[in-house]
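Asker: To start, I am sharing the structure in question, which I have written as structure tokens.
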Amino acid sequence: KGKIKGKKKLDSDDWVYLVVRSKNDPENVYHKVRVKVTAAGESSSSKDDDDDKKSSSSLVICIDPGHGGTDSGASYYGINEKNVNLAIAKKLKSVLENSYGVEVHMTRDTDKSVSLTDRTDKAKDEDCDLFVSIHCNAADSTSTVGTMVFYSVKSAYAKKSLASHISSAVASALSTSDKGAKTRASTNDANTDYYSVIRTSAAKGIPGLIVEHGFLSNSAEAAKLNNSSYQESIAKAEAKAIYNYWQ
């Protein structure tokens, strides 16, 4: 109970969104709430964000199928990364929504070009809690295999534990090696993220991840990544890892 200072020129029935965080562990211990502006003398109404979401999870995710349109991404053995990314992303969206009741938004649901900035703008516009960019990897050596997940170098948005859980889950689904959670900083600044979507999502107040599901440059792994049954297994494992982490 009390007064919220610093907000001006708000109309009656406007919502103010607050995040209350623990001083000792602000990254993991917090609660979201929204409060409605009321006229002087009226009783104030408040409501948890949870009540507005599509399920008790209260989690809103932006899934970003990497590349698209004129940008095919990695291309090996007649397989274009953009198509694999979209297929996995659609299955992941379906599992998150239907099995866990998570609210999901996509940066693209067809084969079209989307700018890097527009991708994270979508996450911001939809008030997402997490931005997950779906990718496949490639290497000079065709023997290289495995999953990895990149997260932000910014401590406030560094979801290392979540990145580790996703990498492990996807590796298990693909029966491949788990290369784990990783960061990549700008060559000019160790405190700035190299990858645009991670950097700009953090700038917009949203933790961002890039999930490298496997290596298309490896023929065996490419075949799995292009297989609908494996894609379904990946989606289920990835969705479960994300949902369980948020609980």
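The values are calculated or read from the model by the stated rules, or taken from the named source; none is laboratory data. Computed from a predicted structure; not experimentally measured. FYI the Cβ positions are ideal-geometry reconstructions off the backbone, even for glycines, and counts take in every protein chain you see. Just so you know, the surface numbers come from the protein's heavy atoms only, side chains and all, with ligands and any DNA or RNA stripped out. Shrake-Rupley method; radii C 1.70, N 1.55, O 1.52, S 1.80 Å.
Asker: Could you list all residues from the range 207-247 that are under 25 Å from Ser186 (Cβ atoms) and out of contact with any Cys (no Cβ under 6 Å at 6 or more places or on another chain)? Let's see the steps before the verdict.
Answerer: Let us first name the residues in the range 207-247 that are under 25 Å from Ser186 (Cβ atoms), namely 207-213, 215.
Selection gives Pro207, Gly208, Leu209, Ile210, Val211, Glu212, Phe215.
Asker: What's the number of the condition Met106 fails, among (1) open to solvent by 60 Å² or more (accessible area, probe 1.4 Å); (2) modelled with pLDDT of 95 or more?
Answerer: Every condition holds for Met106 apart from (1).
Asker: Of the residues Val149, Val153, Val114, only one is under 12 Å from the mean Cα position of the chain (by Cα) and of a type in the set (A, V, I, L, M, F, W, C); which? Step through it out loud before you land on a result.
Answerer: Details: Val153 fails: under 12 Å from the mean Cα position of the chain (by Cα); Val114 fails: under 12 Å from the mean Cα position of the chain (by Cα).
The conditions single out Val149.
So that you can scan it fast, the table gives a plain yes or no per residue for (1) small (Gly, Ala, Ser); (2) assigned to a loop (DSSP other than H, G, I, E, B); (3) surrounded by fewer than 21 Cβ atoms within 10 Å (Cβ to Cβ):
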residue	(1), (2), (3)
Asn191	no, yes, yes
Ile198	no, no, no
Gly205	yes, yes, yes
Leu209	no, no, no
His213	no, no, no
Tyr230	no, no, yes
Lys236	no, no, yes
Lys240	no, no, yes
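Asker: Does the range 145-161 hold any residues that are at negative phi, open to solvent by less than 40 Å² (accessible area, probe 1.4 Å) and touching a strand residue (DSSP E or B) at 6+ places or on another chain (Cβ under 7 Å), and which are they?
Answerer: Start the filter on the range 145-161 by keeping residues that are at negative phi, which leaves 145, 147-161.
Subset that is open to solvent by less than 40 Å² (accessible area, probe 1.4 Å): 147-152, 158-159.
Within the range 145-161, Thr147, Met148, Val149, Phe150, Tyr151, Ser152, Lys159 qualify.
Asker: A follow-up question, please. Can you work out which of the residues in the range 211-221 that are farther than 11 Å from Leu174 by Cα and of a type in the set (Gly, Ala, Ser) is farthest from the chain's Cα centre (by Cα)?
Answerer: Ser219
Asker: Could you grab me the full set of residues in the range 71-103 that are out of contact with any strand residue (DSSP E or B) (no Cβ under 8 Å at 6 or more places or on another chain), open to solvent by less than 60 Å² (accessible area, probe 1.4 Å) and of a type in the set (Ser, Thr, Tyr)?
Answerer: Ser94, Tyr100 - these are the residues of the range 71-103 that are out of contact with any strand residue (DSSP E or B) (no Cβ under 8 Å at 6 or more places or on another chain), open to solvent by less than 60 Å² (accessible area, probe 1.4 Å) and of a type in the set (Ser, Thr, Tyr).
Asker: Any idea which of (1) over 18 Å from Val211 (Cα atoms); (2) hydrophobic (A, V, I, L, M, F, W, C); (3) touching a Lys or Arg at 6+ places or on another chain (Cβ under 8 Å) is the one Leu86 doesn't satisfy?
Answerer: Condition not satisfied by Leu86: (1).
Asker: Still on this structure, please answer the following. So if I check each of Lys179, Lys224, Lys160, which one is farther than 16 Å from Cys62 by Cα, basic (Lys, Arg), at pLDDT 95 or above and under 15 Å from the mean Cα position of the chain (by Cα)? Outline the logic, then answer.
Answerer: On the way: Lys179 fails: under 15 Å from the mean Cα position of the chain (by Cα); Lys224 fails: under 15 Å from the mean Cα position of the chain (by Cα).
Lys160 is the lone residue from the list that is farther than 16 Å from Cys62 by Cα, basic (Lys, Arg), at pLDDT 95 or above and under 15 Å from the mean Cα position of the chain (by Cα).
Asker: Take Asn191 and tell me if it is out of contact with any Pro (no Cβ under 6 Å at 6 or more places or on another chain) and closer than 20 Å to Tyr76 by Cα. It would help to see each step written out before you state the result.
Answerer: On the way: out of contact with any Pro (no Cβ under 6 Å at 6 or more places or on another chain): yes; closer than 20 Å to Tyr76 by Cα: no.
So Asn191 fails the test.
Asker: Does Asp111 satisfy the condition of being among the acidic types (Asp, Glu), closer than 19 Å to Val197 by Cβ and at pLDDT below 95? Break it down into steps so the answer makes sense when it comes.
Answerer: On the way: among the acidic types (Asp, Glu): yes; closer than 19 Å to Val197 by Cβ: yes; at pLDDT below 95: no.
Against the criterion (among the acidic types (Asp, Glu), closer than 19 Å to Val197 by Cβ and at pLDDT below 95), Asp111 does not qualify.
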